[in-house]
1. I'd like the full set of residues that are more than 14 Å from A:Leu248 (Cα to Cα) and either assigned to a strand (DSSP E or B) or touching a residue at least 60 places away in the same chain (Cβ under 8 Å) (or both), limited to the stretch A:220-236.
2. Please work out if A:Asn314 is surrounded by fewer than 24 Cβ atoms within 10 Å (Cβ to Cβ), outside any loop (DSSP other than H, G, I, E, B) and polar (S, T, N, Q).
3. With respect to A:Gly176, is the statement that it is in a helix (DSSP H, G or I), modelled with pLDDT of 90 or more, out of contact with any His (no Cβ under 6 Å at 6 or more places or on another chain) and outside the structural domain of A:Ser334 (by TED's automatic domain parsing) true?
4. Looking at A:Arg369, is it among the basic types (Lys, Arg) and closer than 30 Å to A:Gly287 by Cβ?
5. Of the conditions (1) away from chain A (no Cβ under 14 Å); (2) in a helix (DSSP H, G or I), B:Leu34 clears all except one; give me its number.
6. Any residue that is more than 10 Å from chain B (Cβ to nearest Cβ), buried (at least 19 other Cβ atoms within 10 Å of the Cβ) and over 20 Å from A:Leu183 (Cβ atoms) - is there at least one of those in the stretch A:202-212?
7. Enumerate the pairs (first residue in the stretch A:239-264 and within 8 Å of chain B (Cβ to nearest Cβ); second residue anywhere and assigned to a loop (DSSP other than H, G, I, E, B) and charged (D, E, K, R)) with beta-carbon separation below 7 Å, excluding pairs fewer than 6 apart on the same chain, so at least 6 apart or on different chains.
8. Can you find a residue in the stretch A:238-251 that is surrounded by fewer than 20 Cβ atoms within 10 Å (Cβ to Cβ), of a type outside the set (Ser, Thr, Tyr) and under 23 Å from A:Ser297 (Cβ atoms)?
Amino acid sequence: MNNTRMLRRTMAVGAVALMAGAAFAGCAPASSNTSPGAPADGGEGSSETIRIGYIGPLTGGSASLGVPAQHGFELAVEHINASGALDREIELISVDDEADPTKSAAAAQRMIDEENVIAVLGGPNSGPVLANNPVITGAGIVQLITIAQADGLIDPASPGYDLTFQVTENNTYNVGATIQFFLEADYSTICAVADTTEYGQSGLTAIQTVFAENGLEVSATASHEVNATDLTPQVLTLRDAGCDSIYLYSYGQDAAVFMKTVNQIGWDVDVIGGRALNQAAFLSIAGEAGDGLIFPSVIDLDKPEAQEFIEAYNAEYGEDDDPAHTFSALAYDSIFLLAAALDASGYEGGQALADALSETTLDNAVAGRSGSSLSFTEGDHRAPSDNFQTFWTIENGQFAMYRNDLPSKRP
Amino acid sequence: MSTFLQLAVSGVALGSIYGLIALGFLVIYHATGLVNFAQGQLLMVGAMATYLLLMQVGLGYPLTIAGVIVVALLLALLFRYGLHRPMVSRGAPTTNMVVATIAFGLVLTAAAELFIGNTKYGVDPVFPGAPLVVGSVSIQTQSLLIVVVAWALVGAIWFFFTKTLTGVSLRAVGLNRTAAAVSGVRVSRLITIAFVISVTVTVIGGMLVAPLIGAGPEMGLAIAVKGFAAAVIGGMSSVYRGMVAGVAIGLIEMLSSYYISSAYAPVIAYAILFLALVLMPARVRQSGAHA
């Protein structure tokens, strides 16, 4: 493991030099870290190894999503290769896109032209996935979207639809499950806040649509740039609009700054969060201000598969790497879905792999409530079954499971 | 009224940080004519070093402050002797040096990502506990500290530039290096002092802001852009004008996000910079360098 880390670090140092150079040339840098044992030439995939690509933010503001995802993939690859379940070795090729759509599209081109991958795993940010998906599917390669949640990523009208699959529940699924807290509490003035990224804005749209369908009105909304330095105006806007509950649909660090400001002005308001609050950065920056917040998760601590995964993950990467485990668990399951489909397609990529994925079910997934499953069917490229969602909260500055007995429904 | 005052409190605190960045820009610009675009990353180093020493090593604030100042000194010397002086001695044009500062900043970001981590980390405030409540306005003690320290630094630097021999000599170097050297001023040593002041002020800005927004490798750019705007609006000439401009930008940012639209807040900041760049250069030339 130390060797792996060293190698990764060395490669990353090289990548840094590249990045500095590339930034000036104005082209998109692509830092790669190949897992150990990769063929040095990186050219044609040998008949013994199956190359799978991952494009996600390994540096930059979204790395606290992208790196746990990478670790989830690595752990799954390690487990599958060690088990001998496949008669070939899987090799993971990761390329950093810094959550930048332009760099993500360039990374996709590189996956196709140079890395010779059979499938590409999509990263956690919806904007970059929207940008890289046409490049990947345009080249006839399957994309499995692991964590990115925007509804529009799976669109039957898009030309790449046949080759695109989404493992995670999408924004509408999330919001549809979370709305029960708002329905139960009978709030008079519900408000929402989100960042201006694809995740935030498509989340805001999902909130407005789903709430309207359930007869609830979203009275006021506020937006902010991602990585904001101060959210006082947004907090005061919502306070002065008379909100008695807030749906906080921002990434972890901004959500933390938001909650700190709510606490600072001594505003007593109920806040329910989006799934991005599972980020370690939220916990670290919010401190006590995060206590009591409820948000959706995919981890059910009563499920043996989840317990085993958490134990293995913490042993390998430490407890602070992905303390809520949501992102790494989805990544882990994605590799198992892909491995099952590869086995079924006879290690054939393209449409054959897509056809195999369309018949793949993961009953013993790590993610999801006990009794739920991840499965694709012909014409349905969204994996989570009904009752997939769990809810977590923060107690005394630590992530804690809140409810794993609430219903949730596929949109 | 309470909303307005609450926004104003945030604006002044945030703006004081922009002012510190402006101060960092100005001190090096005065002494060398160089615009240092690594300023944002220097602020980031201050925040990350604070996180590392305070939260990871657990040193407590007195030792952390000392440690962060040491980091600032080392960084200033690295900047001066590893980048600036070699380039000057080879006769590199200023544009090359400006690009070199951008590269220096990128390297600092990458180094922070590699050796500390690439997410955002929470940092404890200097004085933990409930915010101060004055009437209907609540103020985080950290925000108050930012304002006090920032203005104290401006005062100290103003004093240095106008009342001490070294400071006056440094201004002479900025105005006419050859004449200063002929008059017996030790130019190289003074430029090193300018680097130390600039880097230290900026790093302290990072240490101050970290408890409010966390510390992360990518945090510098957004703040630096506004600090640069403050420096330009301040005429690239005066330490306190840069500070006043920083506070003005902070206030405009907060008030416009509330009263106009929160979605346009970043655009407004960039628009201010754009206008400043278009309208200000004439004034910079007119006023020349003075403290």
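The values are calculated or read from the model by the stated rules, or taken from the named source; none is laboratory data. Just so we're clear, the structure is a prediction, and the values are computed from it rather than from any experiment. Reconstructed Cβ throughout: ideal geometry from the backbone, glycine too, with neighbour counts over all protein chains shown.
1. A:Asn227
2. In short, yes.
3. Here the answer is yes, as A:Gly176 does meet what is asked.
4. Working: among the basic types (Lys, Arg): yes; closer than 30 Å to A:Gly287 by Cβ: yes.
Answer is yes for this residue.
5. That leaves (2) as the condition not met.
6. yes
7. From the stretch A:239-264, the pairs are A:Gln253/B:Lys120.
8. no
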